[in-house]
Structures are given as C-alpha cells and as structure tokens.
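To keep things clear, I will list the structure first and then write my remarks on it.
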Amino acid sequence: MRSMQSAMAVCILLFAIPSWGKQASQTASTPQPTSDPQAVVVVQAAITALGGATAIGQAQSWTFQAQTQSAHSNGSVGYVISTDTDAGHFVAADGTAKPAPPIHSHFLPVLVGPILLKESQDPEFSMQYGGLSTQDSKPTTVIIFTVGKTQMPAQIWTFDSANLPLQVDFRLPAEVGARQSFYGLVMPSDYRSVSGVLYPFRLVSAMWGQPPQTVILQSLTPSATAAPNEFNGPAGDLR
C-alpha cells in the first residue's frame, strides 16, 4: 500500500510539473503594460515646453550655485550633478571595498527635463493619464508613471497649462547618474531658460515627517562632459 501511494505521488508530481512550467512561461512572457496614448501626448508636450529632447539630452553635468534653507542644508552652496553612474566605494567591516549606495540629492528635481525625458524612454515605466484637476485655482493635468505589471504608481506628475511640471510626488525616486531624488512631494517653480532648456530656479520639497527643504538657484551651468560624482554633505546629500 505504501509503495502504491508513493507511485501515485510521483505521477501527480510529473503531471504537475508541465503545468507549473506553462504558468511560469506565461508569467515571464506577460508584456509590460503599455502607456496611455493620452498620457504620452501630455509628456511629449512637456518635454517640448522644457526645450525639446535634443536640447535637453545634450547636457551631461550641471553646476549650481544656490541658497538652501532646511535642517539638511542651510546656506550658500556649490553643487554638481553628473550623468556618471559611479557613486564611489566604501570599505566594509571585512576590509573589502564595495560600491557605495546612490547619493540622495535635494538638487536632483531641478533636472525635471532630463528626468522626464529619461523616464519617458525607459521601458520599465508606463505612463497613465490621471485626468484634469486644479491647483491654486489654475487648471492642471496629472500623469502617473507606473512600474511593474501591477502598474504600481512610482511618480505622480502635475503639469500646468503651459505644460511645465508644477508638482512631482516621488513615491519612487528619480535617478540621474549616481544620484537619486528623495521620497516625497517637490514643487518646482520660477522656470528660466539656460542653453535653450527651462529649469526651475526654485524648489520646495515636502519630505515625509520633516520640515520643508527649499533650494533657490543663483546660477546653473550645464556641460556636455560628465564630471565625477562627489558626495556633498553641506548641500544636504545623504546616503
């Protein structure tokens, strides 16, 4: 009887394996959700309003002079963001050198154009139309960047009537080079043209459970060369 039960168990297992394999294959082949065409139109209009893909894509590093106001950074600072992905290294307890984690930066949302261009071309993201709304009694359009097959909201972008980003909810951080944005709500404003691209010269970040962080740019200089990344503690960088 015991041998009969064992034989039956083996048969069940053999029949189940092809079924499991088929399910795994179907799961692996499930395509990434496609972007809503209406959302794509809005994002492309925003990229155009910010200067266009060609102009936005030329810069590889950005140098800032700014005034910061918050617990993380408070005063006049110089700052550089680069598309270089090397975040440096740290020495572990066992003495081995390991890649350092990304640098969290309060300045990264200044690059709304490069961020928007990069994410619009990233197959990991899909764009969904969130509808029309109002903010400060002005009309706005909401676009949701989602990730994964479940379309988890990663970022929620709000654009004004001129197609400029008015607010970004970073539920997952944006990335440029070795730097990431902080989690939370960022409100860019005071857009100015530099080398044909619009950048916000004022950022207010509402980080969860912390006082707002304000960044007011005094100057911004883009470069076509990717500079090395350096951790900048006085400017509010965190690992």
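Here, each number is a calculation from the coordinates, and none is a lab measurement. Keep in mind it's a predicted model, so treat the numbers as computed, not measured. Don't worry about glycine lacking a Cβ; one is built from the backbone with ideal geometry, like all the others, and counts go over all protein chains shown.
For segment 71-139, the relative contact order is 14 percent, taking Cα pairs closer than 8 Å that sit 6 or more residues apart in sequence and dividing their mean separation by the residue count.
Put in order of Cβ neighbour count within 10 Å, fewest first, the listed residues 126, 35, 205 become 35, 126, 205. Take every pair of alpha-carbon atoms less than 8 Å apart whose residues are at least six positions apart; their mean separation over the length of segment 53-180 yields a relative contact order of 22 percent. At what distance in nm do the modelled label points of residue 41 and residue 152 sit from each other, each positioned 7 Å from its Cα along Cα→Cβ? Between residue 41 and residue 152, the simple spin-label model gives 3.1 nm. Rounded, prolate or oblate for segment 29-122? Axes are the square roots of the Cα gyration tensor eigenvalues, ordered a ≥ b ≥ c, and the cut-off for rounded is a/c under 1.5. It is oblate, given that a/c is not under 1.5 and a/b is not larger than b/c. Cβ-to-Cβ counts within 10 Å put 204, 176 in ascending order as 204, 176, the fewest first.
Per residue, the average separation of C-alpha pairs within less than 8 Å and at least 6 apart gives the chain a relative contact order of 27 percent. For the chain, a Gaussian network of Cα nodes joined below 10 Å ranks 53, 154, 92 by mean-square fluctuation, and the top entry is 92.
Excluding residue 60 itself, calculate the net charge of residues whose Cβ lies under 14 Å from the Cβ of residue 60, where each Lys or Arg counts +1 and each Asp or Glu counts -1. With Lys, Arg at +1 and Asp, Glu at -1, the neighbours total 0.
Note on residue 194 and residue 238: the model spin-label points, each 7 Å out from Cα along the C-beta direction, lie 2.5 nm apart. Which one is right for this structure if Cα extents along the principal axes in Å is calculated from it: (1) 53, 43, 35; (2) 84, 53, 36; (3) 133, 38, 32? Answer label, from the structure shown: (2). Spin-label pair residue 216-residue 132: with each label point 7 Å from Cα along the Cα-Cβ axis, the two points sit 3.6 nm from one another. For segment 72-172, the spherically averaged projection of the C-alpha convex hull amounts to 10.1 nm².
In plain terms, the residue of 208, 157, 62 with the fewest other Cβ atoms within 10 Å comes first and the most crowded comes last, giving 208, 62, 157.
Of 91, 197, 168, the residue with the greatest mean-square motion in the GNM of the chain, using alpha carbon springs below 10 Å, is 91. Listed peptides 40-48, 107-115 appear in the order 107-115, 40-48 once ranked by packing, highest mean of other Cβ atoms within 10 Å at the front.
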